[in-house]
Amino acid sequence: FQNEKTIVRNFKLVEGTTSNDLKKSLFENPYLSGKIETLKEGIYKPDTYYFKYGYSRKKLLERMKLAQDKIIDNVWKYKPKNFILKNKVELLILASIIQREASNLNDSKLVASVFINRLENNMKLQSDVTLAYGFNVNGQKITKNMLKSDNPFNTYYYKGLPPTPISYPGENALNTLKFLKKTDFFYFVSNGQGGHRFSQTYNLHKKNIKLWKNSIIKD
C-alpha cells in the first residue's frame, strides 16, 4: 500500500498436462475469478501467465489460446513440403502425442520422425500414450484387452491420428514438426533412462524391447 504497487500473481500450465488437469488448477487458484465451460485439449499454450487479483479465468484462457495459435500458425507457415498432415488440427494432435511420448528435445525430434514415417507409409501409430488417454489410465496399466479395443484413441486398432489432441503440447513439441528431422526409423521403445531406443526394422525393435524389459528387472 505504501509503495502503491499491485501484487502480481501467476498461473502455470505445464507441458503435457490435460484439460482435466488444467480445469482443476484453474479452480484451485484462489486469485482467479469466474466460471469456465468445458475445456478443449491442446489449444492452450503451456507457459507461466501473470495477472492481478480477481482476474477472469475466461480471459486467461483467451490469452493462452492466442499464444498457442500464434505458435501453430508459425509452424504451419514453415511446414515441410509435401507434408502428410492435412491441417493445423492434425498438427496439434500429433504434437500433443509427441509431447507425451518424449521428455527432451532431441528425443522429441526422433519420435516425430517415427510418427511421420508411419503416417507416410500407411502404418498404425501404435502409441501407448493415446491408448492410455482414451482409457484414462497410467501408461503402465495398459492391458491386452485395451490393445484390442475399438476405443477411438486406440492407435493400435485404428490407422491415422486419434480424434483430438491428448495433451497441451509445448513449443518444442510443435517445432519438431516445423524443423522435421529425416530418419529411417519406424519403431521406438523406452531405454529405461528417460529416453528411447529407435530402430528401422521390427527385428531390431524386438531386441530393444528385450533391453527395456531387462532394465526394468534390474530396477
**Study point:** Those residues of the stretch 20-47 which are without any contact (Cβ under 8 Å) to a residue 40 or more places away in the chain, closer than 30 Å to Asn175 by Cα and either in contact with a helix residue (DSSP H, G or I) (Cβ under 6 Å, 6 or more places away or on another chain) or assigned to a helix (DSSP H, G or I) (or both), in sequence order
**Key:** Asn20, Asp21, Lys23, Lys24, Ser25, Leu26, Ile36, Leu39
**Study point:** Sole exception among (1) open to solvent by 80 Å² or more (accessible area, probe 1.4 Å); (2) modelled with pLDDT of 90 or more for Thr201, by number
**Key:** (1)
Check your understanding: Considering only residues of the stretch 48-86 that are in a loop (DSSP other than H, G, I, E, B) and basic (Lys, Arg), which is most open to solvent (accessible area, probe 1.4 Å)?
Key -> Lys81
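Residue-wise test of (1) more than 20 Å from the chain's Cα centre (by Cα); (2) farther than 26 Å from Ile43 by Cα; (3) without any contact (Cβ under 8 Å) to a residue 24 or more places away in the chain.
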site	(1), (2), (3)
Ser167	no, no, no
Gly194	no, yes, no
His205	yes, yes, yes
Lys210	yes, yes, yes
Practice item. Have a look at Pro152, Pro169 and point out the one that is under 22 Å from Val14 (Cα atoms), surrounded by 13 or more Cβ atoms within 10 Å (Cβ to Cβ) and not charged (D, E, K, R). Key: Pro169
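Of everything in the stretch 1-47, what is open to solvent by less than 60 Å² (accessible area, probe 1.4 Å) and either small (Gly, Ala, Ser) or more than 19 Å from Ser167 (Cβ to Cβ) (or both)? Give them in sequence order.
Gly16, Ser19, Ser25, Asn29, Leu32, Ser33, Gly34, Gly42
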Point to revise | Lys141 vs. criteria over 25 Å from Gln200 (Cα atoms) and open to solvent by 80 Å² or more (accessible area, probe 1.4 Å) | key: yes
Check your understanding: Hey, does the stretch 87-97 have a residue that's modelled with pLDDT of 95 or more and not in a helix (DSSP H, G or I)?
Key -> yes
Exercise for review: Starting from the stretch 136-164, keep only residues that are in contact (Cβ under 8 Å) with a residue 60 or more places away in the chain and under 18 Å from Thr17 (Cα atoms), then list their pairs with residues that are aromatic (Phe, Trp, Tyr) and open to solvent by 40 Å² or more (accessible area, probe 1.4 Å) whose Cβ atoms are within a distance under 8 Å, requiring at least 6 positions of separation or different chains.
Suggested key: Pro162/Tyr133
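The values are calculated or read from the model by the stated rules, or taken from the named source; none is laboratory data. Just so we're clear, the structure is a prediction, and the values are computed from it rather than from any experiment. So basically every Cβ, Gly included, is an ideal-geometry build from the backbone, and we count neighbours across all protein chains shown. With ligands, DNA and RNA removed, areas are computed over all heavy atoms of the protein, side chains included. Shrake-Rupley method; radii C 1.70, N 1.55, O 1.52, S 1.80 Å.
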